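See structure below.
The values are calculated or read from the model by the stated rules, or taken from the named source; none is laboratory data. From a predicted model like this one, the values you see are computed outputs, not experimental measurements. Positions of Cβ are generated from backbone atoms using ideal geometry, with glycine treated the same way; all protein chains shown enter the neighbour counts. Heavy atoms of the whole protein, side chains included, go into the accessibility calculation; ligands, DNA and RNA do not. Shrake-Rupley method; radii C 1.70, N 1.55, O 1.52, S 1.80 Å.
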Amino acid sequence: MAPSLFEPFSDSSVLIDFVINQGNGVKGLSEMGLKALPKQYIQPLEERMCMTNVQAQESIPIIDMSNPNDPEVEKSICEAASKWGFFQIVNHDVPIEVLENVKDATYKFFGLAAEVKNKYSKEHSLSNNVRFGTSFTPQAEKALEWKDYLSLFYVSEEEAFALWPSVCREQVLDYMRKSEVVIKQLLKVLMKGLNVNEIDETKESLLMGSMRTNLNYYPKCPNPELTVGVGRHSDVSTLTILLQDEIGGLFVRGNDGDNWIHVPPIKGSLVINVGDALQIMSNGKYKSVEHRVVANGSNNRISVPIFVNPRPSDMIGPLPELIENGEKPIYKQVLYSDYVKHFFRKAHDGKKTVAFAEL
């Protein structure tokens, strides 16, 4: 039973029960038409987005991938990964209908009844590889984030057909399959930029041995300026391939460190960002940059990132080719699963995770 509008969630246990235990998520809160943001979502001042810190005239690079082997395109990709850590690609090989289908499937999943979505929650899911949840790490957060998600870790088609929700399974698998061509193109170029010209099976497995796709839902929010959709963080991936809808709200840390740059939605584009694993493997040449998502007071927003990762059992550190060329390592070798556990153990905290791997 939903609490009334006149008794907003002053009792945190009532909110946790409604949002997490019953599977209503923030979508359930949004649909109640609350006039004020529940206090559990009010972020400290320093974590709120201050629009005076937005660089309106700046934008991350937009790269045309119609000829990915063009030396100029290769140079643009490596420069974007070194300077910005983020870029958008257009005229890539993922068909637009595949992107539209996965967006539709995201809305379909979040449109399911709470009790159906809740079958995939941490408490009820048949596997850790399929997880419906809300916020980021609620048990570690002082203030919650205004986001619901479904996280799908890919093991095999058989497991996906057995365990993933039928309403979005085929669309997500298709999106992952079709994106693989682009992921391999990008990794080939980025490795070439490090003078690693041969990607053998071992190297490919290290760079992209596991993949996770998240369906993210950011519902309309009362008092959006008081909270966040996603707090400041960098990804733990090698690369992240992000499909965003037309609403906007993703901001990237600018090069001067104090300002934020909006990543405008471009129909048919994909947003690419370097993750911590690639920053570590490139010995700091490619930058994994802080980013965040603002809450929106007038629209629901969705995004669908594919996180391209090493396997949990891989050791990651500066690539041997770089050290053999005389570079001094700035990161140690770490077990990737330890790195990821460290990330998920705490609230979003900017770029602090990478310190775990520093020498």
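Structural remarks
- Whichever residue in the range 233-262 is in a loop (DSSP other than H, G, I, E, B) and modelled with pLDDT of 95 or more and, among such residues, is farthest from LEU215 (Cα to Cα): THR238
- In the set PRO224, PRO165, only one residue is open to solvent by 10 Å² or more (accessible area, probe 1.4 Å) and over 22 Å from ASP17 (Cα atoms); that residue is PRO224.
- Any hit, the range 186-209, residues being surrounded by fewer than 18 Cβ atoms within 10 Å (Cβ to Cβ), in contact with an Asp or Glu (Cβ under 7 Å, 6 or more places away or on another chain) and charged (D, E, K, R): yes
- With a requirement of 1 or more residues that are open to solvent by 50 Å² or more (accessible area, probe 1.4 Å), modelled with pLDDT of 90 or more and closer than 20 Å to LEU226 by Cβ, the helices (runs of 4 or more DSSP H) lying completely within the range 1-117 that satisfy it span 25-31.
- Test: residue in the range 119-138 that is hydrophobic (A, V, I, L, M, F, W, C), farther than 23 Å from SER234 by Cα and in contact with a Lys or Arg (Cβ under 6 Å, 6 or more places away or on another chain): no
- Lone unmet requirement of (1) open to solvent by 20 Å² or more (accessible area, probe 1.4 Å); (2) closer than 29 Å to ASP64 by Cβ; (3) touching a strand residue (DSSP E or B) at 6+ places or on another chain (Cβ under 7 Å) for LYS285: (3)
- Any chance ASN283 is in contact with a Leu (Cβ under 6 Å, 6 or more places away or on another chain), in a loop (DSSP other than H, G, I, E, B) and polar (S, T, N, Q): yes
- Entry remark, the range 175-218: residues being within 19 Å of the chain's Cα centre (by Cα) and in contact (Cβ under 8 Å) with a residue 40 or more places away in the chain number 20 in total.
Matching residues to (1) crowded, with 22+ Cβ neighbours inside 10 Å; (2) out of contact with any Pro (no Cβ under 8 Å at 6 or more places or on another chain):
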{"residue": "GLY254", "(1), (2)": "no, yes"}
{"residue": "GLY257", "(1), (2)": "no, yes"}
{"residue": "VAL274", "(1), (2)": "yes, yes"}
{"residue": "ARG292", "(1), (2)": "no, yes"}
{"residue": "VAL308", "(1), (2)": "yes, yes"}
{"residue": "ILE316", "(1), (2)": "yes, no"}
{"residue": "GLU321", "(1), (2)": "no, yes"}
{"residue": "GLU324", "(1), (2)": "no, yes"}
